[in-house]
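The values are calculated or read from the model by the stated rules, or taken from the named source; none is laboratory data. None of these values were measured; they are calculated from a predicted model. Heads up, the Cβs are rebuilt from the backbone with ideal geometry, glycines too, and the neighbour counts pull from every protein chain shown. We work out accessible area using only protein heavy atoms, side chains counted, and drop any ligands, DNA or RNA first. Shrake-Rupley method; radii C 1.70, N 1.55, O 1.52, S 1.80 Å.
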Amino acid sequence: SHFTSQDIYSLGVRGDFGPLGIDESGWIARFADLYAPTPLGAVSIGVGRPLDFVGGTSNPFLVANLANFRFLPDNTYPNGHLYRLETAKDVLDGYSPTGLEAEVAEAVGQGYDLADQIQTAVASYSSNVTYGTQNIQRFLRDVAILVQYGFETKIFFTGFGGFDTHANQGAATGNQANLFTRLDTALGAFAQDMKDMGVWDQTVIVIITEFGRRNFQNGSNGTDHGHGNSFVLLGGGVNGGMYGDDLTEADLNLDYPGYETDFRDIYRDVINGHLGHDPAPVFPESQPKNSVLGIT
């Protein structure tokens, strides 16, 4: 259930790509090709190379963390590090290759330029907000660094796993409570940072999970895999409220409630209402149900 759901959420396509007339690709890869083709147009932090970014022709920025995105010095001759970097850049500037060699040279040169920009952003970051030390907190701090520096990024992607809990859910202590505490601490710090920067009203945070839960409790005070799911959206760019059809008593008595709201309509709303782009080419597949939600 996990892996099929992950693929659907990442690709933004439930069926085959063949009838769509496009190569298989993640929805963020398609968005980047259309609306954010520069390396920092779409950014992933701390989660490897998500399927969301696979495919396409642009090269989004995928990084484990910002501090380590740099060229490491030679430990034997550390004093010559900056000189070696400048020499390498000078060699590239004076090199005029063709074909595949030109593409390689361009990629290497872009790596040098991006490393300089990222490390300048890290060094210049200033904030009165204290982030925690858990992964999701550090990842959102890196997002804040890029936002403060003013890069052209339209989509930031990050996350952390471990929510496949089946017992003791909703309790004040335990695994699920700890996970929510980490998320809450990270979002609180990030929200305050965005407010201090004056960009909260231009911010939309979309919190997703790739699979749902049953709507009744199991014997371990938890819930097992099912169809019930929810998204949470935060930010100054969000119209507050509850969206989607109301659940009825009859719905709650079903093992698997009916399918009512397509997750792609949430993405569509953010792409169109918040980012100001046409979502149709990003999600070209015909959907069983369509909803205009008006979230952003």
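Under the criterion of Cα pairs below 8 Å and six or more residues apart, the relative contact order for the chain equals 16 percent. Across all directions, the average projected area of the convex hull around the alpha carbons of region 164-221 is 5.1 nm². Using the Cβ-Cβ distance between residue 225 and residue 77 with R0 set to 41 Å, the FRET efficiency works out to roughly 0.15. The largest accessible area among 89, 289 belongs to the first residue in 289, 89, and the rest follow in falling order (1.4 Å probe, all chains).
The residue list 192, 274, 15 was ranked by how far each Cα lies along the charge dipole of the chain toward its positive end, using unit charges on Cβ atoms, and 192 comes out on top. A viscosity of 1.002 mPa s and a temperature of 20 °C, combined with the Kirkwood radius over Cα pairs in Stokes-Einstein, give a translational diffusion coefficient for the chain of 99 µm²/s. The sum of -39500 (n - 2.57) across all DSSP H runs of n ≥ 4, divided by the residue count of the chain, sets its helix-only mean residue ellipticity at 222 nm to -11500 deg cm²/dmol. Here the accessible area is traced with a 1.4 Å probe on the protein chains. For the chain, carbon and sulfur cover 51 percent of it. Straight-line cross-link partners of residue 89 among the aspartates and glutamates, defined as a Cα under 15 Å from its Cα and at least 8 positions apart when in the same chain: 106, 113, 116.
Using a simple spin-label model with points 7 Å from Cα along the Cα→Cβ vector, what separation in nm is obtained for residue 129 and residue 280? Distance between the two pseudo-spin positions: 3.7 nm. When we measure straight from the Cα of residue 195, which lysines land under 27 angstrom away, once same-chain ones fewer than 8 places off are left out? Correct list for residue 195: 154. Summarising the strand pairing of the chain, around 50 percent of its internal DSSP beta bridges are antiparallel.
At 37 °C and 0.692 mPa s, grab the translational diffusion coefficient of region 220-296 from Stokes-Einstein with a Kirkwood Rh over Cα pairs, rounded to a whole number in µm² per second. D = 228 µm²/s.
Each peptide in 134-145, 67-78 gets a packing score, the mean of other Cβ atoms within 10 Å over its residues, and the list from highest to lowest is 134-145, 67-78. In terms of Cα atoms, the Rg and Dmax of region 147-296 work out to 17.4, 51 Å.
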